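The values are calculated or read from the model by the stated rules, or taken from the named source; none is laboratory data. Fair warning: this is a prediction, and the values are worked out from it, not measured in the lab. Neighbour counts run over all protein chains shown; Cβ positions are idealised from the backbone, glycine included.
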Amino acid sequence: MTQTQQLQDNCVTLYDISWEKFEAIAALLEDTKVRLTYLDGILEIMAPSPEH
């Protein structure tokens, strides 16, 4: 089961994400301003602040 942690209002961290799941999520979000960071099964999804 995937664990989730919200660090800030604009950042969510997902754990135990496979590379295949990461690619699927990235494809869904490719036309957005969201920034993704992936390392060793941990995915951070960050949205730009309203100032950007």
Margin query: Looking at the range 45-52, can you tell me whether even one residue there is surrounded by 10 or more Cβ atoms within 10 Å (Cβ to Cβ) and either within 8 Å of the chain's Cα centre (by Cα) or at pLDDT 95 or above (or both)?
Written below: yes
Next item on the list: Please find, within the range 1-17, the residue that is modelled with the highest pLDDT out of those that are in a loop (DSSP other than H, G, I, E, B) and surrounded by fewer than 11 Cβ atoms within 10 Å (Cβ to Cβ).
Entry: 9
Checklist line | Where residue 32 falls short, out of the listed (1) modelled with pLDDT under 95; (2) not in a loop (DSSP other than H, G, I, E, B) | finding: (2)
